[in-house]
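The values are calculated or read from the model by the stated rules, or taken from the named source; none is laboratory data. Here the structure is a predicted model, which is why all the values come from computation and not from measurement. Here the Cβ positions follow ideal geometry from the backbone for every residue, glycine too, while neighbour counts run over all protein chains shown. The area values use the complete protein model at the heavy-atom level, side chains included, leaving out ligands, DNA and RNA. Shrake-Rupley method; radii C 1.70, N 1.55, O 1.52, S 1.80 Å.
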Amino acid sequence: MADFQFKEKYNVYDLAEIVKNLRGENGCPWDKEQTHQTIRKDFLEEVYEVIEAIDADSVPMMKEELGDVLLQVVFHCEIETEKNNFDLDDVADDICKKLIIRHPHVFGDVNVENTAEVLVNWENIKQETKGQDSYSDTLESVPKVFPALMRGQKLGKRAARAGMDFADVKSALDSLEGEVAELKDAVNNGGLGEIDDELGDVLFSCCNVARLMGLDAEEALQRANEKFIERFKKVEELTRLEGIDMKSLGINELDCYWQKAKII
């Protein structure tokens with residue numbers, strides 16, 4: 001592109017101009033074809049890659065992946081700019097105003113004593129500005145596209161603000177045990193639909209236990225996933241050292257190796 005200005009260091013507005021050029025008349029065929037819907041999944045994947053960079057505590061990786069997320073933001077803004085709906089500055093304006101409104105203890109005359117009071121104010125202001133007139137509205141506003149455990153924990157947290165909560169962790173655990181008993185009964189006597197329903201109740205109860213213990217159910221399951229992979233690898237290594245193919249062993253034999261893997 002003849003009129004494009006190459007620089008040693010670019011800024012966010014340069015990024016916006018590059019995306020505009022990519023979607024322009026002489027731009028990239030692929031970029032010109034994209035819509036919010038076609039790159040929706042890309043946005044989600046880029047956010048997950050930022051999370052991976054954070055978990056890896058990698059500054060270079062984080063800088064790169066945050067750039068990919070920023071590209072997604074700018075790309076979606078450009079699509080709407082082309083329709084004369086809003087642009088990047090409008091998006092920045094909205095978030096600036098939101099931050100100012102939700103931090104009256106910084107930009108106003110509200111006094112707070114601690115983080116807990118900050119969070120209470122934040123939620124009250126959020127509910128008011130979003131026009132949420134009932135507790136049910138706050139539950140409905142939790143995005144359906146969230147991972148199920150994350151959404152379940154947020155729903156429990158918001159229901160607790162209306163007083164619908166367990167007295168303590170023990171009560172939540174008792175409820176979990178009750179749900180497990182109902183799942184067992186469904187497995188023994190019910191149909192697939194009932195089993196599915198009861199399994200969902202067990203998982204939701206796990207979210208409540210995690211919340212009341214100050215843990216994150218989604219993150220706990222992710223750690224369990226990683227632990228499973230590591231132990232599986234150890235089982236495979238142990239069997240290979242003995243010249244055995246895992247597939248040739250029965251579940252009881254494999255469980256013996258699994259127990260060994262747990263203590264290695």
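Step by step: find N for segment 15-94, compute 2.2 N^0.38 Å, then divide the Cα radius of gyration by it. What's the final number?
Numbers: Rg = 13.7 Å, N = 80, 2.2 N^0.38 = 11.6 Å.
Ratio of Rg to 2.2 N^0.38 Å for segment 15-94: 1.18.
Two decimals is fine: what is log10 I(q)/I(0) at q = 0.12, 0.16, 0.20 Å⁻¹ for segment 1-159, from a Debye sum with one equal scatterer on every Cα and no solvent?
Debye intensities relative to I(0), on a log10 scale: -0.79, -1.22, -1.37.
Mind listing the phi-derived Karplus ³J(HN,Hα) values for segment 221-231, rounded to whole Hz, using 6.51, -1.76 and 1.60 with θ = phi - 60°, and x for any glycine or proline?
Each residue's phi maps through the Karplus curve to give 5, 4, 5, 5, 4, 5, 5, 4, 4, 5, 5 Hz.
Would you look at the GNM of the chain, springs on alpha carbons closer than 10 Å, and say which of Glu65, Glu182, Glu218 moves the most?
Between Glu65, Glu182, Glu218, it is Glu65 that shows the largest mean-square fluctuation.
Using only Cα atoms, tell me the angle between helix 148-160 and the longest principal axis of the chain; keep it within 0 to 90° and round to the nearest 10.
90
Show me, for segment 245-261, the HN-Hα J-couplings you get by feeding each phi into the Karplus relation (A = 6.51, B = -1.76, C = 1.60, θ = phi - 60°), rounded to Hz, glycine and proline as x.
7, 3, 5, 7, 9, x, 5, 5, 5, 4, 5, 5, 5, 4, 5, 5, 4
Using every alpha carbon pair in segment 206-264, what percent of pairs falls into each 5 Å bin from 0 up to the bin containing the largest distance?
4, 17, 21, 16, 11, 11, 10, 6, 3, 0
Write out the GluC sites (Glu not before Pro) in segment 94-133 meeting two conditions: DSSP loop, and at most 12 other Cβ atoms within 10 Å of their Cβ. Could the numbers behind the result be given before it?
On the way: sites: Glu113, Glu117, Glu123, Glu128; in loops: Glu113.
Sparse-neighbourhood loop GluC sites (Glu not before Pro): Glu113.
Rounded to a whole number of µm²/s, how large is the Stokes-Einstein D of segment 150-213 at 20 °C and 1.002 mPa s, given Rh as the Kirkwood radius over C-alpha pairs?
Details: Rh = 12.1 Å.
Reported coefficient: 177 µm²/s.
Have a look at Gln132, Phe86, Gln72 and report the one farthest towards the positive end of the charge dipole of segment 60-163, computed about the Cα centre with Cβ charges (Lys/Arg +1, Asp/Glu -1).
Gln132
Once a ≥ b ≥ c are taken as the square roots of the eigenvalues of the Cα gyration tensor of segment 178-235, is the result rounded (a/c under 1.5), prolate (a/b larger than b/c) or oblate (a/b not larger than b/c)? Each step should come with its number before you reach the end.
Working: a/c = 3.17, a/b = 1.44, b/c = 2.20.
Oblate, since a/c reaches 1.5 and b/c is not below a/b.
Take the chain, connect every pair of alpha-carbon atoms lying under 10 Å apart with a spring to form a Gaussian network, then pick out the residue of Val91, Val209, Val235 with the largest mean-square fluctuation.
Sorting by GNM fluctuation, first place goes to Val235.
Could you give the accessible area per residue of the chain, probe 1.4 Å, as a whole number in Å²?
Values: 18720 Å² over 264 residues.
Spelled out: the 1.4 Å probe surface of the chain, per residue, equals 71 Å².
Counting C-alpha atoms alone, how compact is segment 105-264: give Rg to one decimal and Dmax as a whole number, in angstrom.
22.1, 73
Over the chain, with a Gaussian network built from C-alpha contacts below 10 Å, which listed residue (Asn111, Asn84, Asn252) shows the highest mean-square fluctuation?
Asn252
Between exposed chymotrypsin sites (Phe, Trp or Tyr not before Pro) in the chain, where DSSP calls loop and at most 14 other Cβ atoms lie within 10 Å, what's the longest gap? Mind dumping the intermediate values first?
On the way: sites that count: Phe4, Phe6, Tyr10, Phe86.
The longest such stretch corresponds to 87-264.
Filter the trypsin sites (Lys or Arg not before Pro) in segment 58-118 to those in DSSP coil with at most 11 other Cβ atoms within 10 Å of their Cβ, and list the result. Could you put the intermediate results ahead of the total?
Details: sites: Lys63, Lys83, Lys97, Lys98, Arg102; in loops: Lys83.
Here the sparse-neighbourhood loop sites are Lys83.
Kindly identify segment 141-180 as rounded, prolate or oblate by the Cα gyration tensor criterion: order the square roots of the eigenvalues as a ≥ b ≥ c, call it rounded if a/c is under 1.5, otherwise compare a/b with b/c, prolate if a/b is larger, else oblate. List each step's numbers first, then the result.
On the way: a/c = 3.38, a/b = 1.49, b/c = 2.26.
Because a/c hits 1.5 or more and a/b fails to exceed b/c, segment 141-180 counts as oblate.
Of Phe107, Gly250, Gln34, whose Cα points farthest to the positive end of the dipole of the chain (charges on the beta-carbon: +1 Lys, Arg; -1 Asp, Glu; origin at the Cα centre)?
Gly250
Taking the C-alpha atoms of segment 18-59, how large are the radius of gyration and the largest Cα-Cα span, Dmax, in Å?
Calculated on Cα positions, Rg and Dmax stand at 14.2, 41 Å.
Express the carbon and sulfur contribution to the solvent-accessible surface of segment 1-86 as a percent, rounded to the nearest whole number, probe 1.4 angstrom. Intermediate values should be presented prior to the final figure.
On the way: 3540 of 6340 Å².
The computed percentage sits at 56.
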